[in-house]
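This report concerns only the one structure given below.
The values are calculated or read from the model by the stated rules, or taken from the named source; none is laboratory data. The structure presented is a predicted model; accordingly, all values stated were derived computationally and were not measured. Every residue, glycine as well, gets a Cβ built from its backbone with ideal geometry; the counts of neighbours run over all protein chains shown.
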Amino acid sequence: MTYVLGREEAVAGNVPKFAIPFLKAYGATDNVLFECSKKDLRLMPEAKASLEYLSELMPTYITTSAYEQSMLALENELDIALCESACTESDIDHCMIGRVASKELREAAEKIGSLEIPDVRYRLNVPMSLDSRDIKIAKVLDDALSDGMNEPGRALMESCVPMNSSKKAYRLLDLRRQNSIDLDGTVYIGGDHTDYQTMDLVRDASGLSIAFNGSDFAVRGSNIAVISESATVGAVLAHVFYDKGIQAVMDLAEAWDDGFVDSGDFPDRNLGDHLLKEKDPFPEVYITADEDIDDLCEISEKAREKILGRRVLRTGFEPVCQPRKG
C-alpha cells in the first residue's frame, strides 16, 4: 500500500520498527520475545544440515529483518556464531513506558486490529488507485504511528534499527568488500520482500540469486526460483555454482527432474543422492527468465503460503563463495 502512495518509508522490513511500541505496551520484554521466538521457531527440514554444509564450503552469512531476540533463538538452534548474522536491533528493556502511555498504545492497537484488511493486490510498477478500505487503514495507521504516537512509544520506535531491504543490500556490499569477493561469485538465497534489492544486485551481476519458496518480489529479483519442502536443493544449487559457475546452474535447472538429477554429474554425488531420497514431492526449479513472471510469482506465492503458512522466519541466507577456480 505504501508503494502505491509513494511514501518515502515504503521500504520492506520497516514493520518491526512500527510494531515494537505496541509489543512493549502489552508487557513484552527482551526475554519474553526470546522465549516466544524459541518456542515458535520451526526450521525447514534439512535447513541446519544444509547451512552447515555450505558453511564448510564457503563463507556464509545470515541476514534477517527479525528482531535480535528472534535471531538469538535461531542462532541457538543452528549453533552458529553471533558474528555470522545481522538482524533488526531491538533492545526493548531500555525504555520505560508508564501505565497511561501503555493504555494509549493498547487502545491504538485495538483500533488497528479491528480494521478490515481487504483482499486487494497491488502490482509492482503498475499505476493503481488505492482501495477505499485501504485509505481508511492508511489514515488510522498514520494517526497511530505519527501524530497519535506518545513520546515513550516514539522513543522506542526510533531506537529500533530495522534490517530492512535497503540495509540488507548495503550489508551484502560490505561483505563483498570485507571478503574481496565479487557479486558474480556470490549466492543469495532468500524468499521475502526484504530480499528483493539484494537478490536483484546479485542477479544483475551474474551471481546466483535463488528465490526459495519466494514472495512476489523475491521471485522478480531472482534468476532461479525454487519450490521445495526441504532445504537440500538450495545446497545442491549453491555447490554446482561454486564448482562450475552460473551457466552450469542454468543447464541443471533447464533439465531439472529426478531422472536427470539421478544421472547428472554433480560435484558432490552424495549430496545429489541425499536430495533424491527426499523426492516426495521432488523440488521444483525454474529459470525465471524462461517463465511468465506473473504466473511464476503466483505459483510461488501459493506454494509459500502452503509450505510455510504464517510461521515464516524472515531470513535471507547469503552464502558468499570464494572466486571460482579457473
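Mind checking which residues of the stretch 156-168 are crowded, with 16+ Cβ neighbours inside 10 Å and either over 14 Å from residue 23 (Cα atoms) or at pLDDT 90 or above (or both)?
Residues of the stretch 156-168 crowded, with 16+ Cβ neighbours inside 10 Å: 156-157, 160, 162-168.
Selection gives 156, 160, 162, 163, 164, 165, 166, 167, 168.
Check off (1) more than 20 Å from residue 308 (Cα to Cα); (2) at pLDDT 90 or above for residue 79 and give me the number that stays unchecked.
(2)
Matching residues to (1) at positive phi; (2) modelled with pLDDT under 90:
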site	(1), (2)
7	no, yes
15	no, yes
22	no, no
46	yes, no
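With the stretch 12-99 as the region, which helices (runs of 4 or more DSSP H) entirely inside it contain at least 1 residues that are in contact (Cβ under 8 Å) with a residue 60 or more places away in the chain, buried (at least 16 other Cβ atoms within 10 Å of the Cβ) and not assigned by TED's automatic domain parsing to the domain that holds residue 149? Working first, answer last.
Numbers: elements: 15-25, 30-40, 47-57, 68-78.
The qualifying helices (runs of 4 or more DSSP H) are 47-57, 68-78.
Of the residues that make up the stretch 260-272, is at least one at pLDDT below 90 and closer than 14 Å to residue 227 by Cα?
no
Do we find that residue 278 is at pLDDT 95 or above and assigned by TED's automatic domain parsing to the domain that holds residue 211 in this structure?
no
Looking at the stretch 194-242 only, could you name the residues that are on the phi < 0 side of the Ramachandran plot, touching a Lys or Arg at 6+ places or on another chain (Cβ under 8 Å) and assigned to a loop (DSSP other than H, G, I, E, B)?
214, 215, 221, 222, 223
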